[in-house]
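The values are calculated or read from the model by the stated rules, or taken from the named source; none is laboratory data. Please read all numbers here as calculations on a predicted model, not as lab measurements. In this analysis, Cβ positions are derived from the backbone assuming ideal geometry, glycine residues included, and neighbour counts consider all displayed protein chains.
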Amino acid sequence: MKTRKRFGQHFLRDSGVLKRIVEAIAPASGDVVVEIGPGEGALTRPLLERVERLSAIEIDRDLAGRLAGEFPENRLKVHCGDALDFDFSTFPKGVRLVGNLPYNVSTPLLFHLARCAGHVRDMHFMLQLEVVERMVARPSTPAYGRLSVMLQTCFRMRKLFEVPPGAFRPPPRVDSAVVRLVPSEPEDFPRFDRRIFEDLARQAFSARRKTLRNALPLKPQDYAALEIDPKLRPENLSPADYVRIARRIAG
């Protein structure tokens with residue numbers, strides 16, 4: 001089937017890679033599994049060999065119709081729509097999310113999924129390698145940024161393995177990787193205002209080359225109380241530092 005460029009479609013075809021993904025997910029028969037962007041069903045079929053029922057979210061009407069026609073609804077429920085608009089809390093708590101995410105909307109989609117982190121058991125996604133490296137990056141490294149901070153306060157993440165362009169049709173111009181996201185434990189971070197935190201991270205990394213005193217809305221006494229050097233740059237602070245700052249701003 002012809003791919004549609006506006007949906008960023010690159011269909012995974014490599015059977016060895018598909019097997020590794022399913023093994024990494026290790027789905028049990030009764031798991032509630034939702035696949036984002038099933039495309040032509042290359043991952044859908046091996047998943048349905050392991051689970052009793054699967055839900056899928058597909059924006060392409062033609063692909064959604066083909067998959068819905070291939071499997072009975074009691075095995076595969078296809079939701080035709082945009083995952084960016086989907087309310088994942090409608091699935092039972094402990095849902096497992098999987099998929100080969102469209103690379104052209106992967107970052108906003110990850111931010112959207114982060115808001116339901118407490119509702120999921122885990123997530124396994126194929127993404128552009130550069131995005132995965134940003135997700136798992138440590139402070140003071142070139143890949144570390146807003147995406148790192150936002151997701152690391154929601155998930156414990158691990159890059160599982162890399163995938164070359166030749167595993168897809170058509171081949172993307174970038175390397176890819178599979179990443180696992182598991183929601184953080186309550187003890188990982190103290191409670192904080194997520195809206196303030198998101199605004200703080202956005203403001204900090206829009207001025208990442210500035211020092212903190214010029215990038216953040218803090219006073220000298222705030223830096224002293226937080227024991228943070230105002231001459232550092234946004235990329236030097238850990239996710240835990242940003243949580244402490246957000247709690248300070250919230251008062």
I need the full set of residues from region 76-128 which are within 19 Å of VAL22 (Cα to Cα) and hydrophobic (A, V, I, L, M, F, W, C), in order please. LEU76, VAL95, LEU97, VAL98, LEU101, VAL120, MET123, PHE125, MET126, LEU127
Could you list, in sequence order, the residues of region 159-175 that are in contact with a helix residue (DSSP H, G or I) (Cβ under 8 Å, 6 or more places away or on another chain) and touching a residue at least 24 places away in the same chain (Cβ under 8 Å)? LYS159, LEU160, PHE161, GLU162, VAL163, ALA167, PRO171, PRO172, VAL174, ASP175
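Looking at region 159-190 only, could you name the residues that are hydrophobic (A, V, I, L, M, F, W, C) and either within 16 Å of the chain's Cα centre (by Cα) or in a strand (DSSP E or B) (or both)?
Selection gives LEU160, PHE161, VAL163, PHE168, ALA177, VAL178, VAL179, LEU181, VAL182.
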Can VAL178 be described as over 19 Å from HIS112 (Cβ atoms), at pLDDT 95 or above and buried (at least 20 other Cβ atoms within 10 Å of the Cβ)? yes
Looking at (1) crowded, with 20+ Cβ neighbours inside 10 Å; (2) farther than 20 Å from VAL182 by Cβ; (3) more than 16 Å from the chain's Cα centre (by Cα), can you tell me which one ALA68 breaks? (1)
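In this structure, does ARG233 turn out to be surrounded by 14 or more Cβ atoms within 10 Å (Cβ to Cβ), on the phi < 0 side of the Ramachandran plot and in the same structural domain as VAL136 (by TED's automatic domain parsing)?
no
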Does LEU97 count as under 25 Å from LEU237 (Cβ atoms), surrounded by 18 or more Cβ atoms within 10 Å (Cβ to Cβ) and not basic (Lys, Arg)? no
Looking only at region 122-140, count how many residues are without any contact (Cβ under 8 Å) to a residue 40 or more places away in the chain and surrounded by fewer than 17 Cβ atoms within 10 Å (Cβ to Cβ). 1
Does region 69-94 hold any residues that are free of Cβ contacts under 8 Å to residues at least 12 places away in the same chain and small (Gly, Ala, Ser), and which are they? GLY69
When you check LEU127 against the structure, is it over 11 Å from the mean Cα position of the chain (by Cα), in the same structural domain as GLY37 (by TED's automatic domain parsing) and over 15 Å from SER238 (Cβ atoms), yes or no? no
Residue match in region 145-164 (condition: exposed (fewer than 13 other Cβ atoms within 10 Å of the Cβ) and more than 21 Å from LEU110 (Cα to Cα)): no
Output the residues belonging to region 198-222 that are part of a helix (DSSP H, G or I) and either within 24 Å of the chain's Cα centre (by Cα) or in contact (Cβ under 8 Å) with a residue 40 or more places away in the chain (or both). GLU198, ASP199, LEU200, ALA201, ARG202, GLN203, ALA204, PHE205
